[in-house]
Structures are given as structure tokens and as C-alpha cells.
Amino acid sequence: MKTTRILQFLALLFFFSTSWIHSSHLHLTLFDDSKFTAIINNTQYNQPANYIEAADIPAGSSYIKILNNITQKNPAGTTLYEGYIKIPDNTEVYASIDASGNLMIYKQIAIQNIQAGGHQHETKGNKCECNCEMCRNCKFKDDGSGYHENNFRAMNPYDFAEFKKLINDRTFESTKLDMTKSVIDINYFTVDQVRDMLSWFVFESNKLDLAKYAFKNTVDRNYYYKLFDIFVFESNVVDLDNYIKNYR
């Protein structure tokens, strides 16, 4: 009987100790946007790519090996980096290998924890008082006018300038587009900021794709018509207008 109670206690202790542990995501690129493969902990990413995202990375020290120049004559490839990276809990970690073979972490963003219907804020009443980076733009913040559940906050100018530099430092439009969408997923923007984002791209098809993608996380959608004059082709204006009208 006593042994059973001890086992039950240990099981409960294990449950509560692990229920607060969340996995993180690691986003990897190379300084020149070239293709590479990776080994992250015990997982191999054997398909050469310009951008690799590893999900469900546990907090703590993770092993990373980055390789390129994998050919039939050189199946083992060339090791660009091998070492360990410290991963914070519940965080999107963005890192790149520079020209000298160093691993550089250039951005860390707290993941919005979707449990029981929403982010687990540090709250007082209905207002978020959490100081994590995710909550800096949190819709539950009190901006002085009082709490409102639809009060989404757009990315502040400082973070947007940092975001813009990050994207403009990339070479290929496909990489820029993927990384821009990843940031859009976890932030909110004004129409003017979306307009700025579209100017980062040359191909009109990418501009249209991004304009549609950003709509869901735009705080002032009523002004989306300001984006129409960016497009050269009338068909793209009609396409975006129809997307807005039919958005659910």
C-alpha cells in the first residue's frame, strides 16, 4: 500500500514537472543562402535546402552538424560547422553560419503557447503583464485605453527595422519570402508596414502572395486598398481585391 502511494506520488510529480516544458524550433540558414544538409541531435536533414526548420527541439544544449558540397565523389560532404547550441525553452531560434564557419544566433522569439485556447500569459485580471518578447505586441496588453480582446498591437518600429534588415540581408527571393512569412505568423502589422514588406520583393507574384498571406495578421485591414497601386498588372489588383472580399 505504501509502495503504491509512493509510485502514485512520483507519477504526479513527473506529470507536473513535464507539463510546463515546451519544445522549441530552430531555423537555420547559411550566410550566402547556399544549400546545405544538417544533423540536429539525432535527426538527419538529408535533403539539401537553403533553409532548414527543426521542430520539437528540447530546451538545453543541442548538437548540430552542418554540411554542404555533397556529391557522388564526396558523399560525406564538407563540414561547415559542428558543435552545440543552447536552445531556450518554448522559443523560435533563428541562426546562421557565417563566412568564417561560426554559428550566429540573430533572433529569438518566444513561441505563443496554444494551450487551453490561448497563450499562457502572466495576467492580472484580464490584462497581460508578461514581459516575454511575444507579449510585447500582445493583444491582451493594456495600452492605457483599457483592455479589449480585439486590440491587436502591430510590431513596433524598432523591431520592424530589425526585421527589415534581416530579410534584406538575404540573397534569394524564395528565402526572403519563407522567412518573412515565418515572422508574419507570430506578429501583427499595419498596412503601411505590409506595403514596406512588399517593396522587399522584385517579382509581382511574390508580392501578391505576401499581400494575401499578411492580411490575416494586419491590424487595420480597412486600409488594404492602399496596396493596390503597388501592382503593375490589373489582374493582380483584382485577384487581391477578390481575396479580401472572400476572406473568412
For residue 44 and residue 158 in the same chain, what is the full-extension length gain: residue separation times 0.36 nm, less their Cα-Cα distance, in nm?
37.4 nm
Principal axis dimensions, largest first and in whole angstrom, of segment 23-110 by Cα:
41, 25, 19
Normalised contact order of segment 23-110, rounded percent, pairs of Cα under 8 Å and 6 or more residues apart:
32
Counting Lys +1, Arg +1, Asp -1, Glu -1, what net charge surrounds residue 220 among other residues with beta carbon under 11 Å of its beta carbon?
+1
All other residues with a Cβ under 10 Å from the Cβ of residue 24 taken together, and with Lys, Arg as +1 and Asp, Glu as -1, what is their net charge?
-3
Per residue convex hull volume, Cα atoms of segment 157-246, in Å³:
85
Sites residue 102 and residue 174, calculated FRET efficiency, Cβ-Cβ separation with R0 35 Å, nearest 0.05
0.90
Expressed as a whole number of Å, what is the distance separating the alpha-carbon centroids of segment 78-108 and segment 150-214?
23
For each pair in 207/245; 35/164; 164/226; 65/207; 65/216, compute the distance between the two Cα atoms and list the pairs where it is over 25 Å.
65/207; 65/216
Using a 7 Å offset from the Cα along the Cα-to-Cβ direction at both residue 190 and residue 86, what is the distance between the two label points in nm, to one decimal?
3.7
Summing Lys, Arg as +1 and Asp, Glu as -1, what charge do residues with Cβ under 12 Å from the Cβ of residue 41 carry, residue 41 excluded?
0
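We did not get these values from a lab; they are worked out from the coordinates using the rules stated. As the structure is a computational prediction, the values presented were derived from the model and not from experiment. In this analysis, Cβ positions are derived from the backbone assuming ideal geometry, glycine residues included, and neighbour counts consider all displayed protein chains.
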